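The structure under discussion appears below in the form of structure tokens.
The values are calculated or read from the model by the stated rules, or taken from the named source; none is laboratory data. Quick caveat, the model's predicted, so the values are computed rather than measured. Virtual Cβ from ideal backbone geometry, glycine too; neighbours counted across all protein chains shown. We work out accessible area using only protein heavy atoms, side chains counted, and drop any ligands, DNA or RNA first. Shrake-Rupley method; radii C 1.70, N 1.55, O 1.52, S 1.80 Å.
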Amino acid sequence: KHGVLTRKSHADMDGKRTPRGRRGWKKFYAVLKGTILYLQKDEYKPDKDLSEVDLKNAVRVHHALATRATDYSKRPNVMKLKTSDWRVFLFQASSEEEMMSWILRINLV
Ligand code: I3P
């Protein structure tokens, strides 16, 4: 699955709140491949190698939990992703349908 997702980092690997200055929203082209959610600046191209930044932004979603972000109302179509290494992200999808589709796909990994 792939599509545009806008990310906000809420908690880091130690489970601590992501500090000010790194909590902003950022738009990515997202690709779910196997157990990895790749977040790239540019549209996905199968033949293109991933940049160092792309690799750094990739999120392991094995044993992660995706839910609707019911406690976040500033933006629509936002899901919450809790990873197995205690990171928490908010991801805004382009529509309600897209958000539900990402949640289902991520929780199937
Ligand atoms: C954050 C940025 C986010 C905001 C967040 C700020 O600043 O303005 O948009 O979240 O508020 O800390 P920075 O880019 O300097 O990290 P919202 O859009 O959800 O308000 P927060 O600290 O209350 O999460």
(request) Tell me the label-point distance for the pair Ser73, Lys33, using the 7 Å Cα-to-Cβ offset, in nm and rounded to one decimal. (result) 4.0 nm
(message) Students often forget the sequence filter, so: which aspartates and glutamates lie under 20 Å Cα-Cα from Lys56 once same-chain residues fewer than 8 apart are removed?
(response) Asp12, Asp14, Asp42, Glu43, Asp47, Asp85
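Per the helix-only calculation at 222 nm, which mean residue ellipticity applies to the chain, given -39500 (n - 2.57) for every DSSP H run of n ≥ 4 and division by its residues, nearest 500 deg cm²/dmol?
Calculated mean residue ellipticity at 222 nm is -5000 deg cm²/dmol.
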(request) Considering the options Gly21, Phe89, Met100, tell which one lies farthest towards the positive end of the dipole of the chain, charges being +1 on Lys and Arg and -1 on Asp and Glu at the Cβ, about the Cα centre. (result) Gly21
(message) Rounded to the nearest percent, how much of the accessible area of the chain (1.4 Å probe, protein heavy atoms only) is carbon and sulfur?
(response) 52 percent
(request) State log₁₀ I(q)/I(0) for the chain at q = 0.20 Å⁻¹ as given by the Debye formula over alpha-carbon point scatterers of equal weight, solvent excluded. (result) -1.09
(request) About the Cα centre of the stretch 1-104, how large is the charge dipole given +1 on each Lys and Arg Cβ and -1 on each Asp and Glu Cβ? Please answer in debye to the nearest 20. (result) 500 debye
(message) Using 0.36 nm times the number of residues separating Ser101 and Lys56, minus their current alpha carbon distance, what extension gain do you get?
(response) 13.8 nm
(request) Find the accessible area per residue for the chain; the probe is 1.4 Å, ligands and nucleic acids are left out, and the unit is Å². (result) 64 Å²
